[in-house]
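The values are calculated or read from the model by the stated rules, or taken from the named source; none is laboratory data. Owing to the predicted nature of the structure, the values given are computational and were not obtained by experimental measurement. Don't worry about glycine lacking a Cβ; one is built from the backbone with ideal geometry, like all the others, and counts go over all protein chains shown. The area values use the complete protein model at the heavy-atom level, side chains included, leaving out ligands, DNA and RNA. Shrake-Rupley method; radii C 1.70, N 1.55, O 1.52, S 1.80 Å.
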Amino acid sequence: QQIREDLNKQLLDNLVSFLKRSYSELQEETTEWTCRMKSREIPTAALVLGVNVTDHDLTFRSLSEVLQNNITPYIALLEAKDCPGIKNLMQKLMGQLMNCCIDEDSLEDDSYVQVSQNRIRCSMTSLINWYESVTKKTDSVTLRKKRTSSSRHWQSPPVVVIFKDMESFTTKVLQDFIVISSRHIRELPLVLIFGIATSPMIIHSLLPHSVSSLLCIELFQSLSCKEHLSTIIDKLLLTAQCPFKLGEKVLQVLINIFLYHDFSVQNFIKGFQLCIVEHFYSQPLSVLCCQLVDAKKRVNSLSHDQCENIRRLPSFRRYVESQVSEKQVALLMSDNFLKEIIQNLLEDLHVYHENYVSVLRCLHVFTSSLPKYPLGKQIRELHCACLENQVWETEEYESSLQLARMLNKSDLVTMLQQCVEIFVSSSGKEFDKTVEKLKEFLTQFQKLEAEAFQERDVSVSSQKELQKKTDLYHLQKTLLELKESRRSKKLTKFEMLRFEVVDYIDSLVRNYLVPADHKTLHEIVYFNTASVLRGHLNAAPRTALHTALNNPYCYLKNQALKSDAGSISNKAPDICIAYKLHLECGRLINLVDWLEAFSTVVMAVEGPNADAASSDQVDDIIHARFIRAVSELELLGFIKPSKQKTDHVARLTWGGC
């Protein structure tokens, strides 16, 4: 939430400035001609938020809070589903505005009573009368106090109307509201905010020129949802404040859902929360997934069973196999010795994460500046590549190094300065020598720049000598000598230094960006069960429906519903019996045959009470149950009536799930 507020701060500040400027223009005394031109224009903010519609509510909520704290208490949030007509829009608008609360100081006089929506006619005239009464009341209270305390709102604050989903509003509703409002802009200072998910051109698509000319539109663009997600990953998931980590496959599942479904950062956070719940529910050792100081304390209180769980971890078994025989025996037999080693391993894992993040950001400084972005432009793409395998063995990394060896001096110096800032601000204790080495590189680049001026003077003098040789023979001879010298020319000092810088960054990558699954005890803090997460988030309604109807025990957990594969239990719900029988039929199903089969299964009741009721009553009851089951299957889309034969139904689904 704090990150989102920081990202939206610039946008909200710009909107507040726009409203203040618009309000001041409405209040200023201007020339007659300007007044005539602007008297009908409504200040309008076109707020482009992107297609991540599920995140818009949070943005509008933050916007409403900021406006209420700084500009006006009169804010209405309108949605298209609530405003099918202009009458509904006015009802919704007046209902929200009259429920708004202004300063508590303005409510001291008992003669002021809030008028309910049901007791007033919803029209622009009524809205203007209400606004005038409210603002006069506020002004009288302010004068009574002789301005001893400043109010957070203006004396005659504007009325802000926010259309949350402008694309969904009908053209007629928008046109009518804008035309009516423009005629009363002097009596009712309105400011419109259009929430746009697609493009600002939608305003001109929905509104004709005669209506759009009544709006004084200013465009505001929110931060890209991809940049928003990268910031969330960088400042939340890749920090020591979050000891819980996502494995490569799990992170890729969440990112794929984000990129290919909804672009919703809010849904990404919900998926992350689901991973946390699943990890702490399914991993017995998740008690150690916390801050390092707390984890060390909890290690001492581990039970013998928890110690055995640690010994079963694949990463710990690899660690044991790499030790000498005496230490292997102690690790497998002594719980106290094991706890000491676990504390050291957890500290190593914590140090690995700190160093990993710093080097990852340094590498991102280089890769994000390269053309074509071989390792991706965003840090989340680079993070996934490092988690997946040893990144230095990939072709994308090799191509990135080749491109980095062709960077110019100014770009290289800027990148080194950014890397120095990253390592200086890092909490890792191993980067003191790294900072010194990078500063040494910067010093060498400064020396090269001084030497470059001298070489430039020499090259200018040689070019002047070449221009003096006007003889064709001597000119060709000189050019051939220059060509041969360029072929056999060695690397310049700058090129050698550039290669040295890139090789040093490469050594940092190989030392610190080792995949997390190579570290001991990574299972404690990393959630890697992508299949479980995919089952929760990627809906498969047909599979779930088939499972529920074919095997109701899976969901109901009733022992009486257990049955062998292929058999049909008479204890199952009627729709399940009808469904399993319809799977045995072809394209057309005879309803009479289907009813007989259904009746046979239902009547297969063991015990002496099978014939307790009369046969006619039983047939009527079974017939009614069958009709209801068939109707439910038709509602779910498994069958439909057939036009070929009236006593048949057509089957619509085929194949297994």
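From the list Ile203, Ile257, Ile233, which residue is β-branched (Val, Ile, Thr) and open to solvent by 30 Å² or more (accessible area, probe 1.4 Å)?
Matching residue, one of Ile203, Ile257, Ile233: Ile257.
Rundown of residues vs (1) among the β-branched types (Val, Ile, Thr); (2) over 23 Å from Leu237 (Cα atoms); (3) not assigned by the TED database to the domain that holds Leu345, yes/no style:
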position	(1), (2), (3)
Pro284	no, no, no
Cys289	no, no, no
Val293	yes, no, no
Asp305	no, yes, no
Glu308	no, yes, no
Arg311	no, yes, no
Val320	yes, yes, no
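If the requirement is being at pLDDT 90 or above and surrounded by fewer than 18 Cβ atoms within 10 Å (Cβ to Cβ), which of these qualifies: Phe220, Phe280?
Phe280
Could you please give the count of residues in the stretch 58-75 that are within 28 Å of the chain's Cα centre (by Cα) and over 16 Å from Leu7 (Cβ atoms)?
Residues in the stretch 58-75 being within 28 Å of the chain's Cα centre (by Cα) and over 16 Å from Leu7 (Cβ atoms): 5 in total.
Answer yes or no as to whether Thr125 is closer than 27 Å to Ile42 by Cβ, open to solvent by 80 Å² or more (accessible area, probe 1.4 Å) and either at pLDDT 75 or above or not assigned by the TED database to the domain that holds Ala45 (or both).
Yes; evaluated as a whole, the condition is true for this residue.
Condition first: part of a helix (DSSP H, G or I) and at negative phi. Can you find one or more residues in the stretch 186-193 that meet it?
No, every residue in the stretch 186-193 fails to be part of a helix (DSSP H, G or I) and at negative phi.
Only residues that are in contact with a strand residue (DSSP E or B) (Cβ under 9 Å, 6 or more places away or on another chain) and under 30 Å from Asp176 (Cα atoms): list them for the stretch 213-255, please.
Once the filter is applied, which keeps residues that are in contact with a strand residue (DSSP E or B) (Cβ under 9 Å, 6 or more places away or on another chain) and under 30 Å from Asp176 (Cα atoms), the stretch 213-255 yields Leu214, Leu215, Cys216, Ile217, Glu218, Leu219, Phe220, Gln221, Ser222.
Hey, could you check the stretch 173-185 for residues that are open to solvent by 20 Å² or more (accessible area, probe 1.4 Å) and assigned to a helix (DSSP H, G or I) and say which is modelled with the lowest pLDDT?
Only one residue tops the list, namely Arg183.
Restricting to the stretch 306-326, name every residue that is in a helix (DSSP H, G or I), without any contact (Cβ under 8 Å) to a residue 12 or more places away in the chain and open to solvent by 60 Å² or more (accessible area, probe 1.4 Å).
Arg312, Arg317, Glu321, Ser325, Glu326
Confirm whether Lys297 is modelled with pLDDT under 95, exposed (fewer than 14 other Cβ atoms within 10 Å of the Cβ) and in a helix (DSSP H, G or I).
yes
Need pairs with beta-carbon distance below 7 Å; first residue closer than 30 Å to Ala240 by Cα and within the stretch 402-431, second loosely packed, with under 14 Cβ neighbours inside 10 Å and at pLDDT below 90; sequence gap 6+ or separate chains.
Listed by first residue and then by second, the contacts come to Ser427/Ala240.
Looking at the stretch 158-176, I want the residues that are in the same structural domain as Val16 (by the TED database) and have a partner that is of a type in the set (Lys, Arg) and open to solvent by 40 Å² or more (accessible area, probe 1.4 Å) with Cβ atoms under 9 Å, at least 6 apart or on another chain. Which pairs are those?
These pairs meet every condition: Asp165/Lys81; Ser168/Lys81.
Please go through the stretch 330-356 and give me each residue that is open to solvent by less than 20 Å² (accessible area, probe 1.4 Å) and either under 27 Å from Leu259 (Cβ atoms) or not assigned by the TED database to the domain that holds Ile232 (or both), ordered by number.
Correct list: Tyr356 only.
One residue is enough: does the stretch 12-30 have a residue meeting the conditions more than 25 Å from Val211 (Cβ to Cβ), modelled with pLDDT of 85 or more, in the same structural domain as Ser210 (by the TED database) and not in a helix (DSSP H, G or I)?
No; the residues of the stretch 12-30 include none that is more than 25 Å from Val211 (Cβ to Cβ), modelled with pLDDT of 85 or more, in the same structural domain as Ser210 (by the TED database) and not in a helix (DSSP H, G or I).
Inspect the stretch 413-426 for any residue being modelled with pLDDT under 95, more than 30 Å from Gln446 (Cα to Cα) and assigned by the TED database to the domain that holds Val265 and give the result as yes or no.
For the stretch 413-426, residues modelled with pLDDT under 95, more than 30 Å from Gln446 (Cα to Cα) and assigned by the TED database to the domain that holds Val265: absent.
Would you please name the residue that is surrounded by the fewest Cβ atoms within 10 Å (Cβ to Cβ), looking only at residues in the stretch 34-93 that are in contact with a strand residue (DSSP E or B) (Cβ under 7 Å, 6 or more places away or on another chain) and in a helix (DSSP H, G or I)?
If we take residues in the stretch 34-93 being in contact with a strand residue (DSSP E or B) (Cβ under 7 Å, 6 or more places away or on another chain) and in a helix (DSSP H, G or I), then Ser64 is surrounded by the fewest Cβ atoms within 10 Å (Cβ to Cβ).
Looking at the stretch 506-519, can you tell me whether even one residue there is at pLDDT 90 or above and in contact with a strand residue (DSSP E or B) (Cβ under 8 Å, 6 or more places away or on another chain)?
yes
Assess whether Glu347 counts as being over 30 Å from Thr59 (Cα atoms) and free of Cβ contacts under 8 Å to residues at least 40 places away in the same chain.
no
Take the residues in the stretch 236-252 that are under 24 Å from Glu5 (Cβ atoms) and over 17 Å from the mean Cα position of the chain (by Cα), then tell me which one is surrounded by the fewest Cβ atoms within 10 Å (Cβ to Cβ).
The residue in question is Gln241.
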